[in-house]
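Here the structure comes first, spelled out in structure tokens, and everything after it is commentary.
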């Protein structure tokens, strides 16, 4: 039976964030207003790497409230607001403002000790799109996963209630169709506008989309409905305003679903990464072994060892030299190839266009061919 888990006190970390020492900046994202830093906690270890991520949080309604009904709540519009005028031009004004310290909180995520794979994940580098066929999955991706995936001990600690029990939002403890719902590290746990939850299945032998088949439909349908009900009840969100999706490749290989509001531009929602839960269910209803037969594109980053393994099987990194010689360009059948490969015409219309291309321009005394008039 599904059960609600009560909150309890959050445990203190073993490290002091204020003692972090920077080695280098891995990524500075101006769009997401976040920065990822690589360094150490020298008071604990000079060699163990740590990753610290800072992200500015979204505004809450109470932050901009001017209501006298909330006098105890800090607001931007208060005497504590420091304003520096940059310019005034007609009806437009530009200012630098510093609000109350209570409104300057920043969400922070710490990974310690961090592995090379963590550093790779948070670094900016070249990206490549891989078209993974079922054969390539079996011969290349799966052996790599089995040899080098992240430890899943932290996942099992959650599922066995050894860690993070205070963070659990909802649980269905059925061993076949059950799951645990809890906040992702990317969410501060307070601002519903940025809500980001993970649904982690209790069943242990499902690594990713590739393992899903028709037998898992009861699990997927239960996750979809129970998670929506729990989120609607706890956070007051409309179930029709939630997106639920899987990542491929996932960051860890124990099946989990990502859940956030559709108005939130969450990381990893791009088409080459995410697979909507509704679509996955529909695919399995149509074809129970869909994900054992499908070609699944995914992105690999420069420096990933899996990319090196794929480079041995298929050409990934190399790029054909651009044609600069005008005589060489004349040899390229651009028009005809475009008709062959990227036309919405029916076969009859395509044949007609071929005839037009092959037929020389008529002389004045000649009558044009009637086939394609």
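The values are calculated or read from the model by the stated rules, or taken from the named source; none is laboratory data. Quick caveat, the model's predicted, so the values are computed rather than measured. We place every Cβ from the backbone using ideal geometry, glycine too, and count neighbours over all the protein chains shown.
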Kindly provide the set of residues from segment 57-94 that are at pLDDT 85 or above and assigned to a strand (DSSP E or B), ordered by number.
-> 82, 83, 84, 85, 86, 88, 93, 94
Would you call residue 225 exposed (fewer than 15 other Cβ atoms within 10 Å of the Cβ), over 20 Å from residue 291 (Cα atoms), more than 20 Å from the chain's Cα centre (by Cα) and assigned by TED's automatic domain parsing to the domain that holds residue 297?
-> yes
Among the numbered criteria (1) surrounded by 18 or more Cβ atoms within 10 Å (Cβ to Cβ); (2) closer than 19 Å to residue 278 by Cβ, which single criterion is violated by residue 207?
-> (2)
Give the residues of segment 123-143 that are closer than 30 Å to residue 38 by Cα and surrounded by fewer than 17 Cβ atoms within 10 Å (Cβ to Cβ), sorted by residue number.
-> 124, 125, 126, 127, 128, 129, 142, 143
Any idea how many residues of segment 259-314 are closer than 27 Å to residue 231 by Cβ and touching a strand residue (DSSP E or B) at 6+ places or on another chain (Cβ under 8 Å)?
-> 15
Sole exception among (1) at pLDDT 85 or above; (2) not assigned by TED's automatic domain parsing to the domain that holds residue 26 for residue 120, by number | (1)
Inside segment 29-45, the number of residues satisfying the requirement of being without any contact (Cβ under 8 Å) to a residue 12 or more places away in the chain and either part of a strand (DSSP E or B) or under 15 Å from residue 17 (Cα atoms) (or both) is 1
Is it the case that some residue within segment 266-277 is out of contact with any helix residue (DSSP H, G or I) (no Cβ under 8 Å at 6 or more places or on another chain), in a strand (DSSP E or B) and either within 29 Å of residue 138 (Cβ to Cβ) or modelled with pLDDT of 95 or more (or both)?
-> yes
Which residues, taken from segment 278-304, are assigned to a helix (DSSP H, G or I), touching a residue at least 12 places away in the same chain (Cβ under 8 Å) and surrounded by fewer than 14 Cβ atoms within 10 Å (Cβ to Cβ)?
-> 278, 285, 293
